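Take a look at the structure set out below.
The values are calculated or read from the model by the stated rules, or taken from the named source; none is laboratory data. None of these values were measured; they are calculated from a predicted model. Note that each Cβ is placed from the backbone with ideal geometry, even for glycine, and that neighbours are counted across all protein chains shown. In case anyone asks, the SASA skips ligands and DNA or RNA and just uses the protein heavy atoms, side chains included. Shrake-Rupley method; radii C 1.70, N 1.55, O 1.52, S 1.80 Å.
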Amino acid sequence: MNTTFILGLVILAIGVLSVAFVRPKTYVARLINLEIPAWGLLLVMLAYDEALAILTFVAVTAIGTFVIVRLLEWRDASC
Amino acid sequence: MLIITRISRFVSNFQNLVALFAGACIIISLIGILSLPLAFEEHQLYPKTLDPASSLYPYDRGGVPFGTTEVVAQYPENSPYVGYVTTYLTPLSQYLADHTHYLGTTIVAHPGGIIDEILYNTRGLDTVVETSILFTAFAIASYLYRREEE
Amino acid sequence: MLGEILHILAAAIISWILFVTVDIFFKLPETGGVSGASAIARDIEAGGGALAGGTMMGNIVCSPDASAGTLLAACGVYVAGIPGGLAAALMVFIGNRICHDPGYAGTTGAVLATFVVYAFTLVGFAATDFIAGMVIAILTIQGLSHTHASRLLARLWRVRQ
Amino acid sequence: MIALYVVAAIAVFAAIRAIIEKNTGRKLPYANVLNFAVAGALVLLLDHPLSLVAAAAYFVGSTLESNAIASTYAGGVKR
Amino acid sequence: MIAGLEVAFGLIALAGAVSAALIRDSYGKLISLGILVAGVLPFIVDRGYLDVAVTVSLIAPIATIFVLMVARREES
Amino acid sequence: MIEYLVFAAAFGLLLLGLHRKVIARIQMRPGPPVWQEILHALKFSFKSTWVPKTASATLYIGVVLVGIGIWSAALFVVLAGESILILFAIYMLHKVVEHGFGLSSGSPYGKFGGVRSVISAASEIPLFVTISAIYLFTGSLLLRDIIAYQGVHGPLLLIVPPVAIAMYIVILSKMPYGPFSIVESKELVSGYKTEHFGVWRAGISVIDGLKTFVLLYAFVAIFIGAVPFWAALVIMTGILVTLSFVCAVTPMLSPFDSVTIQGLITGLMLAYVGYLWWVMP
Amino acid sequence: MIPAYPLGLLVAFASAGIAFFALMRETDGLHRLLLTDLIEVVTLAFIALVGTDLAEALILPGLVVGASELIALSEIYRIKEGYTRPPADSLQIEVMESAPAILAAILVVYGIVLSGFSGGAVAGLGVIFYFLCRDHNERFELIETASGYSWVLWIIAFFVFMIFPEYWFFAVMLAGSAILVKVMAKMSLIGTMRGGPNA
Amino acid sequence: MPDIGGIDLFVLEFGDILHYYTPYTTTLFLLALIFTALAIVSRPEGQIDIAFGGDAYYAKETTLPEMRFRRFMAIACGLATMGAMGSGDLFNFTLFASLVGITNVGIVAAVKNRHVLNAAYEYGIVAMVATLPLFGGAALILATTGTLSIPALAAGGFAVPFVGKALLVLGVIGEGMAPFYAAKAEMFRAPGAPYVIMCSLSSLLIFLRVVEIAITI
């Protein structure tokens, strides 16, 4: 119950809201908004001192972003 | 009868499947919120002990290298060498631990340490399953990708 | 308390002079190192600023330059004395390479700043003063008024020419 | 300690300026000030040689980010 | 960390999150995300996870570059 | 052992024949003789037998053996008084056997039968509500414990009638010609059974016989308790006749409607069990 | 003072509800995929709230499950929508020429030091970033084979742990390095799956 | 432990994760084994389709690489199901359930039919989303009871929250039980019977298992 934890939860909630009700409703906007809850979760993990999980989480989130970016690129190339 | 027909028309279209499942999950989430507060059990497996002064912070779990360490496992009798990996440091991580203070995460991620203990020894099957999931997912993706290439 | 604030202000002025001199010496206002720097310069010019000053500001944004060198050198001196400053210079060098910067303004600035900061620590300044001072200095350039800052930089650039 | 407060205050100021600025090109210098301030704060928070590395990594990383955003904003290199 | 500083950096992170959520322009969003990262990093460093901080600060721009690959097409 | 199997299969087939007969009489038809289903099974046993060219041969044959195997196992589970969870698991897995029948042949009719059998997967859900309700009362799911419980407290049929109704509907959904038997409706020729002939079809008959016997016997054991064997057979026949009445007077539902109705029943049952759970100490 | 765990649970449940609500309203396939990514994050929040070493050990599998399902589903989506033309060019900015080599080198070296999952993910990201900006005509099968063998090595290591626990040191080394190679190879494969010659 | 699946027949230890088999789970395990064996040895059928509005019919062929891939996926699915049947650990069980979900997608993903792919994608989204109830439920139970071992939980003395159980059951139901079967039914239109029935079998089996778990703990 400290600042990090509260801040993490708040950012997580903001992020979830921003992804769920994204404006403008484009793929890119949603993709960028997806990073916000990720950082909130990172703060929550930090509050529980789960450093290794943070490390992996950041890397895997970046990879996940790349996967979607790649899909969007294929989509742009084909449409 | 009409309402039944309408429900079955909704259910039969698989495009509505996700919405249906999401609706069920929302209900469960509401039940979850209503059932709060749930008490946190203090006697957990593998509890954390933090020692900011240690160079392995936050993963210093004490114990003797190449000896026994107290690890709260579910079935310690099934892992006779429980705690051996927890204290083990490779030469590199030993060097890091001796000379720096803020690299605890790196040291523990290097082979040895409590997380490796859990992931590879006491709960190794989790890791097997999880790597199989990764393997399967990649098999699907690469099969589809390469089929397109031909 | 008051003395420390004065120290910080003095350090700000010293580092301001230091990094602006080095940057102008390395011709940062001349051209944008990367396309992004030119774009920032265009936007600043569109906002009423001068192009040369804007280009320099763009270059500061896009790559670690002498100002970053000064900051990191001050940090280096704070944590480990002269070797720390030189290590910071090395990191600025790597940073320059990462950011596709052809010049050596950052590295030079860092090496120079290491000795300057170290010299000032001998006369009663603390390295932390320089860290805060450098942040204030960069604030005056990048953070208060782009219009005025870019015009000032452009005027200095004309002097150099 | 005063240095830390000065740096934090400047960081908050720069963050607010960067957020309220509309033009992307003019946002970036403000963000740059924030990067300076945070890099300085990282070292001031923890007096250890490694925090110099952290500050440098953060600074280089965020500079790279600004660089990439600005360059993409400019339309990239015409080849 | 001192309470005042926690508030300051927390504010930065919060402002970054809110603005990233509200700004409609992709580049503006990405810059706000950078501000969010700037607010989060001091917390990591303050707890003493310097290696984590280094990695996070190196990976964050990579993720931004990934996003830029599609953001560019969107704008043009 | 084997004599139990033979008896159960023969008696089950006899019940199915009776089922057809009762339906026919209600619908003012003469109907086939009661032993028609037994005759069917015997007749198919001696007809020529091979495997269609398009079929996936191993699966085509294997699934018949699996079907006979699981229902034999179910019979012994019931007779030995083991866990009814196993029984119901086998009941659910009968679904997979149906898929196997339908899909293995490559025939479009069989395939549609198989697809419908997936659609009708909802019919199993009331079962688990039944299980949980029974568990609430008896604290065990071993059949012998349930029978012992009923020896003390009287039949469960009187204690929790709605649960018995749910189980009744579950059995109903497995009866041919019923409102829920969408997998073998006549527009699909014979549904999933279409392409199995000869000995394989005889195998299916045996499966059906065993299935009917086991389900009805389990119903008697779970809801009425320990009765002499002959009495159990009589009660089973009685239940079957009521089932036949229901089948005769109700129309067959369209596939998804049948699922929806079963789903609604499940919902009601869930509410009922939730209520029971609430009021139980 | 509200205890931390119920508060966290409240936020987690509320987030789950919001995310599912958005998913319920969404009809577009790709938006749904993005929302599943969001739901992964909420899932991890549930696990992270436990806060023990065990929770940390459970986050890693959770992460990998989310990432791998995302990869498989994105590929299915691509095939299903018929996006068959490979992307023409990648981002053309200056830093793409200079940054990847250095950053990838740093990340890969650091990843190798880390080893295990975390190392694999970090190093894999570095490799992806490198491939992203370079022409890649390395052998797809080669990486795949390497990852397959390392998977087998890891399984062997697991059974060494379980059956011959006295060789735990050998096993932990084998497991750490095998997982590293495996995860790194898998992740770098995504980087190469972008079209181009023999990609 | 309450006797709902019968007494333990034998226990397999993998450190903290037990695999234990009661008569109930043994039955399920054997069925999974039998159908996996069937998927290994049998070749796919040549599915015949009628072109409506005429007398024409055509056979769908399954190519050799496709068959190999799908057989591999079916075997993986069978193994995952067998693992889930015996697993004595909640988190391990949820992992197996996720593996079942992804292999189910894989079994039909190789089919080129657009309609089937659509269904597979929708199913895949649900299977992926179902990780939240699954992992969330396991984490909730871990947090409130301090253990994940099913035998330990079944031994009593723990107040397992109702939400935890409900989440677990919902997660497994999402992997393909009614009423979320619509996509599965469409997936069944794909040719390749031995592999396709593994989809249904696996989700039925893990559902049967989760019912046992939900009642015991």
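Restricting to segment A:39-55, name every residue that is under 14 Å from the mean Cα position of the chain (by Cα) and either more than 9 Å from chain E (Cβ to nearest Cβ) or open to solvent by 10 Å² or more (accessible area, probe 1.4 Å) (or both). Those that are under 14 Å from the mean Cα position of the chain (by Cα) and either more than 9 Å from chain E (Cβ to nearest Cβ) or open to solvent by 10 Å² or more (accessible area, probe 1.4 Å) (or both): A:39, A:41, A:44, A:45.
Filtering segment D:8-67 to residues that are outside any helix (DSSP H, G or I) and of a type in the set (A, V, I, L, M) leaves only D:46.
Yes/no matrix, rows are residues, columns are (1) over 15 Å from the mean Cα position of the chain (by Cα); (2) surrounded by 21 or more Cβ atoms within 10 Å (Cβ to Cβ); (3) more than 9 Å from chain B (Cβ to nearest Cβ):
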{"site": "G:30", "(1), (2), (3)": "yes, no, yes"}
{"site": "G:43", "(1), (2), (3)": "yes, yes, yes"}
{"site": "G:61", "(1), (2), (3)": "no, yes, no"}
{"site": "G:65", "(1), (2), (3)": "no, yes, no"}
{"site": "G:81", "(1), (2), (3)": "yes, no, yes"}
{"site": "G:92", "(1), (2), (3)": "yes, no, yes"}
{"site": "G:105", "(1), (2), (3)": "yes, no, yes"}
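Residue F:225 passes every criterion in (1) at pLDDT 80 or above; (2) open to solvent by less than 20 Å² (accessible area, probe 1.4 Å) apart from (1).
Against the list (1) open to solvent by less than 80 Å² (accessible area, probe 1.4 Å); (2) part of a helix (DSSP H, G or I); (3) not small (Gly, Ala, Ser), the condition residue F:54 fails is (2).
Hey, any hits in segment F:192-204 for a residue that's of a type in the set (A, V, I, L, M), open to solvent by 30 Å² or more (accessible area, probe 1.4 Å) and not in a helix (DSSP H, G or I)? Checked against the condition, which is being of a type in the set (A, V, I, L, M), open to solvent by 30 Å² or more (accessible area, probe 1.4 Å) and not in a helix (DSSP H, G or I), segment F:192-204 yields no hits at all. Scanning segment F:1-47 for residues that are assigned to a loop (DSSP other than H, G, I, E, B) and surrounded by 13 or more Cβ atoms within 10 Å (Cβ to Cβ) yields F:31, F:32, F:34, F:35.
A quick yes/no check of all residues on (1) farther than 25 Å from residue G:111 by Cβ; (2) at pLDDT below 90; (3) among the β-branched types (Val, Ile, Thr):
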residue	(1), (2), (3)
E:25	yes, yes, no
E:32	yes, no, no
E:37	no, no, yes
E:41	no, no, no
E:46	yes, yes, no
E:60	no, no, no
E:68	no, yes, no
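To keep it simple, each residue is scored yes or no on (1) in contact with a strand residue (DSSP E or B) (Cβ under 7 Å, 6 or more places away or on another chain); (2) assigned to a helix (DSSP H, G or I); (3) free of Cβ contacts under 8 Å to residues at least 40 places away in the same chain.
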residue	(1), (2), (3)
A:16	no, yes, yes
A:22	no, no, yes
A:28	no, yes, no
A:37	no, yes, yes
A:45	no, yes, yes
A:72	no, yes, no
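Candidates in segment E:3-43 are the residues that are within 7 Å of chain A (Cβ to nearest Cβ) and either basic (Lys, Arg) or in contact (Cβ under 8 Å) with a residue 40 or more places away in the chain (or both); of these, the one that is surrounded by the most Cβ atoms within 10 Å (Cβ to Cβ) is E:30. Somewhere in segment D:45-60, is a residue of a type in the set (D, E, K, R), buried (at least 24 other Cβ atoms within 10 Å of the Cβ) and farther than 16 Å from residue C:136 by Cα? The answer is no; no qualifying residue exists.
Here H:185, H:193, H:127 are screened, and the one residue that is within 8 Å of another protein chain (Cβ to nearest Cβ) and touching a Leu at 6+ places or on another chain (Cβ under 6 Å) is H:193. Checked against the criteria, residue H:149 does not count as hydroxyl-bearing (Ser, Thr, Tyr) and either at pLDDT 90 or above or within 18 Å of residue B:132 (Cα to Cα) (or both). Against the list (1) more than 9 Å from chain H (Cβ to nearest Cβ); (2) open to solvent by less than 10 Å² (accessible area, probe 1.4 Å); (3) not in a helix (DSSP H, G or I), the condition residue F:106 fails is (1).
Residue check: residue G:49 meets all listed conditions (1) open to solvent by 10 Å² or more (accessible area, probe 1.4 Å); (2) in contact (Cβ under 8 Å) with a residue 40 or more places away in the chain; (3) not assigned by TED's automatic domain parsing to the domain that holds residue G:188 but one, namely (1).
So that you can scan it fast, the table gives a plain yes or no per residue for (1) in contact with a Ser or Thr (Cβ under 8 Å, 6 or more places away or on another chain); (2) surrounded by 24 or more Cβ atoms within 10 Å (Cβ to Cβ); (3) at the interface with chain D (Cβ under 10 Å from one of its Cβ atoms); (4) not small (Gly, Ala, Ser):
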residue: C:14; (1), (2), (3), (4): no, no, no, yes
residue: C:19; (1), (2), (3), (4): yes, yes, no, yes
residue: C:30; (1), (2), (3), (4): yes, no, no, yes
residue: C:62; (1), (2), (3), (4): yes, yes, yes, yes
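If the condition is being farther than 21 Å from residue C:93 by Cβ and in contact with a Leu (Cβ under 6 Å, 6 or more places away or on another chain), then segment C:42-75 contributes C:45, C:53. Those helices (runs of 4 or more DSSP H) of segment B:1-88 in which at least 2 residues are within 14 Å of chain F (Cβ to nearest Cβ), farther than 24 Å from residue G:39 by Cβ and not hydrophobic (A, V, I, L, M, F, W, C), considering only elements entirely within it, cover B:2-12.
Rundown of residues vs (1) modelled with pLDDT under 90; (2) within 22 Å of residue C:148 (Cα to Cα); (3) outside any helix (DSSP H, G or I), yes/no style:
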{"site": "C:12", "(1), (2), (3)": "no, yes, no"}
{"site": "C:16", "(1), (2), (3)": "no, yes, no"}
{"site": "C:27", "(1), (2), (3)": "yes, yes, yes"}
{"site": "C:38", "(1), (2), (3)": "yes, yes, no"}
{"site": "C:70", "(1), (2), (3)": "no, no, no"}
{"site": "C:75", "(1), (2), (3)": "no, no, no"}
{"site": "C:80", "(1), (2), (3)": "yes, no, no"}
{"site": "C:85", "(1), (2), (3)": "no, no, no"}
{"site": "C:88", "(1), (2), (3)": "no, no, no"}
